[in-house]
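Read the structure below first, then the notes.
The values are calculated or read from the model by the stated rules, or taken from the named source; none is laboratory data. All values reported here derive from a predicted model rather than from experimental measurement. Here the Cβ positions follow ideal geometry from the backbone for every residue, glycine too, while neighbour counts run over all protein chains shown.
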Amino acid sequence: MASLTPDPWSSLSAERFEALARSHGTPFYLYDADDVRARIQAVRDAFDGQVQVYYAVKANPNLGLLRALRTTVDGLDISSGGELDQALLAGYDAAALSFAGPAKSRAELTASIVSGVGCISVESVREIDECVQVARGLGKRACITMRVNPQLLNRAFGMKMGGRATQFGIDEEEISGVLQHIVAHLDALDFRGVHVYAGSQCFDAAGVVEGVESTLKVVREVEATTPLRCMTINLGGGFGLSHVDAAKEMDLGALATLLSPVLRDFAATSSVRRRFVFELGRYLVANAGIYVARVISAKTSRGKQFFATDGGLHHQLAAAGTFGAALRTNFILRNLTRSDAAPTRCNIAGPSCNPTDLLGIDVELPAPEIGDLVGVLKSGAYGLTASPILFLGRDTPAELVRMDGRIEVGRRSRPMTDFN
Ligand SMILES: Cc1ncc(COP(=O)(O)O)c(C=O)c1O
């Protein structure tokens, strides 16, 4: 199995970070494409090639990063027309894309069918009907998987997206009627299989296996009750990776030990050539990213030290604690300029007028000084893509991508006036 680095930035010197800050301005993001590629390969190796690895673009849609992953990843999970365009611009084959989302518009479905998206993961009867109409109008067939909202409420997932009433997928109890509907429209639909994405931030290998077993039960039902065959079985993913604890992430080895025999046994029960897919976002890219900001100001307030930086929730909402997390926790911070200074307990604030704009609360850091660079580790997933970039009108950060040791601009910094 490829070896994974806990922190791909530990060997970059203070001088190198400062040179990047001077060339590209602060704050900036830096992503290590080599680290992401190693993780993709590690998943594939762990399962001995039994599963394909798709990358969930929503975690980080940076064009430079997508281009860097193109020859490594098996495909992409996309969730909008914008991500479809970005994937095509990055050079991906439309057949290697899987499109999920509960409100795909007619324009998005049309673009998907025209470009030949490999799997439109249909989440409602309305969407199926719209695919049929669009495909017939174009004289094509829409390639679909059926996204199922399982009955199983999988407690192993920190953020649950299935197993209860939800906007995602077709309720497992309803699938037999929906399958009949699909069978009645096979002139316009090319049915590829099923898709279950039940949640995110799962650290428990047995929990993933439980979810997969419930998905395979659905596949058996599809095949026992209809002439449809599930060549593609998208198992979702949601492998956990902690932003707080450097060592905590889904144990791939343990997962493969438990899951490989399940997949092997299932594949052996029929002559259909199965394609098992994991679509992973956070697990692949979170570790690869660092967000770098400069200390602009320092003060003491009622006995507590505050260092205010030019980076904060407008670029890194997750680190300021309010994107999807139930509890606010400090991301791992590093003083990049003086790592050997005596440690001090302090707060690292962002520049906005919002009291939640704190990248670190009561953290211990080598004592920062004005002008120092502070790094937020594990910032590669749901960073800029999930942040309110126009809030308070600051420039967006440059996003840099390291590949084969070279650092290049993956997206330039842009002023607010560029968005008018
Ligand atoms: C359908 C789908 N696939 C994949 C992902 C990626 O999840 P994660 O970043 O937890 O791997 C998500 C996240 O919301 C999703 O909704």
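Take the residues in region 60-74 that are within 14 Å of E399 (Cα to Cα) and within 16 Å of the ligand (Cβ to nearest atom); name whichever of them is surrounded by the fewest Cβ atoms within 10 Å (Cβ to Cβ). Per the stated criteria, the residue is P61.
Scan region 345-353 and tell me whether some residue there is more than 30 Å from G199 (Cα to Cα) and free of Cβ contacts under 8 Å to residues at least 40 places away in the same chain. Checked region 345-353: at least one residue is more than 30 Å from G199 (Cα to Cα) and free of Cβ contacts under 8 Å to residues at least 40 places away in the same chain. Within region 36-53, residues that are charged (D, E, K, R) have Cβ atoms under 7 Å from residues that are in a helix (DSSP H, G or I) in these pairs: R37/L69; R39/Y283; R39/L284; D48/S260, counting only partners at least 6 apart in sequence or on another chain.
Might you check whether a residue that is at pLDDT 95 or above, more than 27 Å from R155 (Cα to Cα) and surrounded by fewer than 23 Cβ atoms within 10 Å (Cβ to Cβ) occurs anywhere in region 193-215? Checking region 193-215: not a single residue is at pLDDT 95 or above, more than 27 Å from R155 (Cα to Cα) and surrounded by fewer than 23 Cβ atoms within 10 Å (Cβ to Cβ). For A298, are the conditions met, namely being touching a strand residue (DSSP E or B) at 6+ places or on another chain (Cβ under 9 Å), in a loop (DSSP other than H, G, I, E, B) and among the aliphatic types (A, V, I, L, M)? The answer is no for A298. Say whether the condition of being more than 17 Å from the chain's Cα centre (by Cα), away from the ligand (no atom under 16 Å from the Cβ) and closer than 30 Å to V363 by Cα is met by at least one residue in region 247-255. Yes; the residues of region 247-255 include at least one that is more than 17 Å from the chain's Cα centre (by Cα), away from the ligand (no atom under 16 Å from the Cβ) and closer than 30 Å to V363 by Cα. For beta carbons closer than 7 Å, sequence separation of 6+ or different chains, a first residue in region 113-140 that is acidic (D, E) and a second that is within 16 Å of the ligand (Cβ to nearest atom), the qualifying pairs are E123/P102; E123/R147; E123/F168; E123/G169; E123/I170; E127/K104.
Per-residue answers, yes or no, for (1) away from the ligand (no atom under 16 Å from the Cβ); (2) modelled with pLDDT of 95 or more; (3) not hydrophobic (A, V, I, L, M, F, W, C):
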| site | (1), (2), (3) |
| --- | --- |
| S270 | yes, no, yes |
| R294 | yes, yes, yes |
| R302 | yes, yes, yes |
| A308 | yes, yes, no |
| H315 | yes, yes, yes |
| F323 | no, no, no |
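Of P102, P8, P61, all but one fail to be out of contact with any Ser or Thr (no Cβ under 6 Å at 6 or more places or on another chain) and closer than 30 Å to C131 by Cβ; the exception is P102.
Only one of D362, D340 is over 17 Å from P397 (Cβ atoms), assigned to a strand (DSSP E or B) and either of a type outside the set (S, T, Y) or in contact (Cβ under 8 Å) with a residue 60 or more places away in the chain (or both); which? That would be D362, the only listed residue that is over 17 Å from P397 (Cβ atoms), assigned to a strand (DSSP E or B) and either of a type outside the set (S, T, Y) or in contact (Cβ under 8 Å) with a residue 60 or more places away in the chain (or both).
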